[in-house]
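Peer 1: Let me give you the structure first, and then I'll get to my questions.
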Amino acid sequence: MRDFEDEYKLHNNPIPERLKQARKTVGISQKELGVRIGMDESSASGRMNHYEKGRHVPDIQTLKKMANELKVPLNYFFCEDDQSAELAILIDSLSDEDKKSLIATLNKSPIE
């Protein structure tokens with residue numbers, strides 16, 4: 001039986017849904033993603049399924065490998081809403097100069 005902490009982690013952890021979204025966007029299977037990041041072929045599908053279902057949480061090194069393979073920034077996995085996730089991807093795609101410019105613009109603009 002799950003306790004409160006397990007239920008909280010399951011329902012308030014954005015990683016499973018973000019992982020599934022990014023993987024489907026790239027168009028690869030759970031097994032293929034697992035193998036690409038170095039998991040054993042025989043267990044890759046099951047392990048990735050557990051991550052996407054929220055049964056287990058990947059460690060930070062595994063998340064970094066997934067982010068790299070799925071072409072999303074690491075912080076994408078921690079975005080709690082779709083707008084933030086989209087912003088994370090868009091900002092990551094900017095050049096360093098464009099990021100500096102965006103920061104300067106946002107610092108000048110009053111947010112209403």
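No lab work stands behind these numbers, since they all come straight from the coordinates. Every value quoted in this text rests on a predicted model; they were computed, and no experiment measured them. Glycine also receives a Cβ, built like all others from the backbone with ideal geometry; neighbour counts cover every protein chain displayed.
Peer 1: Starting with the fewest neighbours, write out K31, K100, K108, K64 ranked by other beta-carbon atoms found within 10 Å of each beta-carbon.
Peer 2: In order of increasing Cβ crowding within 10 Å: K108, K100, K64, K31.
Peer 1: For a footprinting-style exposure proxy, rank T105, T62, T25 by other Cβ within 10 Å, fewest first.
Peer 2: T105, T25, T62
Peer 1: Charges only on Cβ, +1 for Lys and Arg, -1 for Asp and Glu: so what's the dipole of the stretch 34-99 about the Cα centre, in debye to the nearest 20?
Peer 2: Using only the charged Cβ atoms, the result is roughly 420 debye.
Peer 1: If you put +1 on each Lys and Arg Cβ and -1 on each Asp and Glu Cβ, how big is the dipole of the chain around its Cα centre, in Debye rounded to 20?
Peer 2: 340 debye
Peer 1: In Å and whole numbers, how far do the C-alpha atoms of the stretch 64-112 stretch along each principal axis, longest first?
Peer 2: Computed over the Cα atoms, the extents are 36, 25, 12 Å.
Peer 1: Let me ask you something else. Compute the angle between helix 96-108 and the longest alpha-carbon principal axis of the chain, please, reported from 0 to 90 degrees and rounded to the nearest 10.
Peer 2: 60 degrees
Peer 1: Answer with one residue from P14, S93, C79: the one whose Cα lies farthest towards the positive end of the charge dipole of the chain, charges on Cβ with Lys, Arg +1 and Asp, Glu -1.
Peer 2: Highest projection toward the positive end goes to S93.
Peer 1: Excluding same-chain residues fewer than 8 positions from K65, which lysines have a Cα within less than 30 Å of its Cα?
Peer 2: The reachable lysines, counting only those whose Cα sits under 30 Å from K65, are K9, K20, K24, K31, K53, K99, K100.
Peer 1: What whole number of Å gives the distance from the Cα centroid of the stretch 85-112 to the Cα centroid of the stretch 28-42?
Peer 2: Centre-to-centre (Cα) distance: 34 Å.
Peer 1: Taking the chain on its own, what percent of its Cα-Cα pair distances exceed 18 Å?
Peer 2: Above the 18 Å cut-off, the chain has 56 percent of its Cα pairs.
Peer 1: What ranking of E80, E52 emerges when the number of other C-beta atoms within 10 Å of each C-beta is taken as an exposure proxy, fewest first?
Peer 2: With the sparsest Cβ surroundings first, the list reads E80, E52.
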